[in-house]
Amino acid sequence: MCDCQILAHYQYDGDQFILTLDSSEIAKSTIPGQFVHVTVSDSIPMRRPISVMSVDIDNGTFDLLYKVVGEGTKKLSESKIGDILSVIGPIGNGFELTDKKLPLLIGGGVGMPPIIAIAQKIKDTDCDPFVILGSEVPFPFTPEHSNIGPECDEVSHTMPLLEEWGVACRLTSLQGFEGVYKGYVTDLAKAYLDTLSKNELSKVEVFACGPHPMLEAVAKLSVDYNLPCQISLEEFMACAVGGCAGCTVEVQTERGSAMKRVCVDGPVFDARSIF
Ligand SMILES: Cc1cc2nc3c(=O)[nH]c(=O)nc-3n(C[C@H](O)[C@H](O)[C@H](O)COP(=O)(O)OP(=O)(O)OC[C@H]3O[C@@H](n4cnc5c(N)ncnc54)[C@H](O)[C@@H]3O)c2cc1C
Ligand code: FES
């Protein structure tokens with residue numbers, strides 16, 4: 001557990017926020033897919049789990065991206081630069097990065113942060129990732145034209161941070177935003193996979209985080225294309241350290257079904273063990 005000072009706190013449309021906190025320990029030790037458990041206010045005893053979106057090891061800071069959905073995140077949104085938050089973390093089993101050279105990274109809504117974290121981790125390796133981010137509210141950043149990845153006038157916008165990192169990314173939404181693919185993340189993922197040769201497909205592994213129906217659709221797409229797929233789940237949590245069994249999900253194992261705790265056994269699971 002550590003006390004982290006708020007160094008920056010930006011608000012975006014749709015009640016979405018990016019929070020920068022100070023902790024060289026968390027910046028150094030976090031694996032993509034791990035999360036922190038944050039005290040949002042003195043008046044709310046239960047912490048809230050939020051994924052780590054990016055880290056700055058040189059400056060000893062890390063970023064969270066969150067959306068206000070209830071009382072806890074509302075309180076968090078009222079915190080100011082200089083305030084101190086009590087943080088436990090990093091927690092959980094993150095994504096296992098394998099030797100597949102064409103990772104397909106899919107994030108929906110507040111499931112974007114762990115996907116962005118993978119992109120940061122592999123941006124300087126010999127992998128050639130493609131990121132798809134979907135949102136039905138305005139994106140928690142200002143989409144900009146991309147010069148990396150597939151060329152298409154209508155589907156040309158990306159997240160500025162990913163463009164800065166040199167990672168190809170396209171955005172999806174049903175809302176008809178400029179430069180954004182009109183459809184579901186899985187529709188664009190399928191269109192992308194259909195452009196790949198058999199040899200290229202053998203190098204793809206899918207990583208996803210987002211709402212449950214999106215994860216189910218991603219898992220199905222992965223089965224259709226015979227691709228390995230890791231997904232990160234977001235379950236209701238109390239302790240987040242494995243003690244209360246409040247976050248269990250049914251998982252298929254080699255020895256039949258078993259109940260696993262999302263906080264410490266996950267949040268990342270093999271998609272085929274969940275769906
Ligand atoms: C591993 C993990 C990573 C997450 N990462 C992010 C992230 O990066 N960005 C982000 O915006 N949100 C993330 N969430 C969801 C976030 O934790 C919830 O939106 C938040 O706890 C809601 O709290 P609230 O008090 O505002 O809402 P309320 O609905 O008022 O919360 C009431 C209670 O329900 C729980 N709860 C409500 N919704 C969720 C949910 N979807 N998941 C878990 N618990 C919930 C809260 O913890 C609280 O105990 C993550 C959740 C998990 C489990
Ligand atoms: S939240 Fe308590 S065991 Fe997972």
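The values are calculated or read from the model by the stated rules, or taken from the named source; none is laboratory data. None of these values were measured; they are calculated from a predicted model. Note: ideal-geometry Cβ built from the backbone for every residue, glycine included; neighbour counts use all protein chains shown.
Overview of values
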quantity	calculated
Sole exception among (1) closer than 21 Å to residue 11 by Cβ; (2) at pLDDT 95 or above; (3) of a type in the set (A, V, I, L, M); (4) in contact with a Leu (Cβ under 8 Å, 6 or more places away or on another chain) for residue 84, by number	(4)
Those residues of the range 208-250 which are buried (at least 17 other Cβ atoms within 10 Å of the Cβ) and within 14 Å of ligand 2 (Cβ to nearest atom), in sequence order	233, 234, 237, 239, 240, 247, 249
Every pair of residues 6+ apart whose Cβ atoms lie under 9 Å, when the first sits in the range 214-235 and is more than 15 Å from residue 196 (Cβ to Cβ) and more than 16 Å from ligand 1 (Cβ to nearest atom) while the second is modelled with pLDDT of 95 or more and assigned to a loop (DSSP other than H, G, I, E, B)	217/184; 218/210
In the range 220-234, the residues that are more than 16 Å from the chain's Cα centre (by Cα) and not charged (D, E, K, R)	221, 222, 223, 225, 226, 227, 228
Among (1) within 16 Å of ligand 2 (Cβ to nearest atom); (2) modelled with pLDDT of 95 or more; (3) of a type in the set (Gly, Ala, Ser), the one test that residue 89 misses	(2)
Pair list, Cβ < 9 Å and 6+ apart or interchain, from the range 247-275 residues that are touching a residue at least 24 places away in the same chain (Cβ under 8 Å) to residues that are assigned to a strand (DSSP E or B) and among the aromatic types (Phe, Trp, Tyr)	249/269; 262/269; 263/35; 267/35; 268/207
Residue 240 touching a residue at least 60 places away in the same chain (Cβ under 8 Å), within 16 Å of ligand 1 (Cβ to nearest atom), small (Gly, Ala, Ser) and farther than 16 Å from residue 104 by Cβ	yes
Selected residue [at pLDDT 95 or above, outside the structural domain of residue 35 (by TED's automatic domain parsing), surrounded by 22 or more Cβ atoms within 10 Å (Cβ to Cβ) and of a type outside the set (Asp, Glu)] from 174, 201, 188, 193	188
Identity of the residue in the range 244-269, in contact with a Gly (Cβ under 9 Å, 6 or more places away or on another chain) and among the aliphatic types (A, V, I, L, M), that ends up farthest from ligand 1 (Cβ to nearest atom)	251
Count of the range 27-47 residues which are more than 13 Å from residue 4 (Cβ to Cβ) and in contact with a Pro (Cβ under 9 Å, 6 or more places away or on another chain)	6
Some residue of the range 54-63 being touching a residue at least 60 places away in the same chain (Cβ under 8 Å), assigned to a strand (DSSP E or B) and over 23 Å from residue 191 (Cα atoms)	yes
Some residue of the range 8-18 being farther than 22 Å from residue 110 by Cα and either in contact (Cβ under 8 Å) with a residue 24 or more places away in the chain or surrounded by fewer than 22 Cβ atoms within 10 Å (Cβ to Cβ) (or both)	no
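This table checks each residue for (1) crowded, with 20+ Cβ neighbours inside 10 Å; (2) more than 19 Å from residue 263 (Cβ to Cβ).
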position	(1), (2)
45	no, no
61	yes, yes
112	yes, yes
117	yes, no
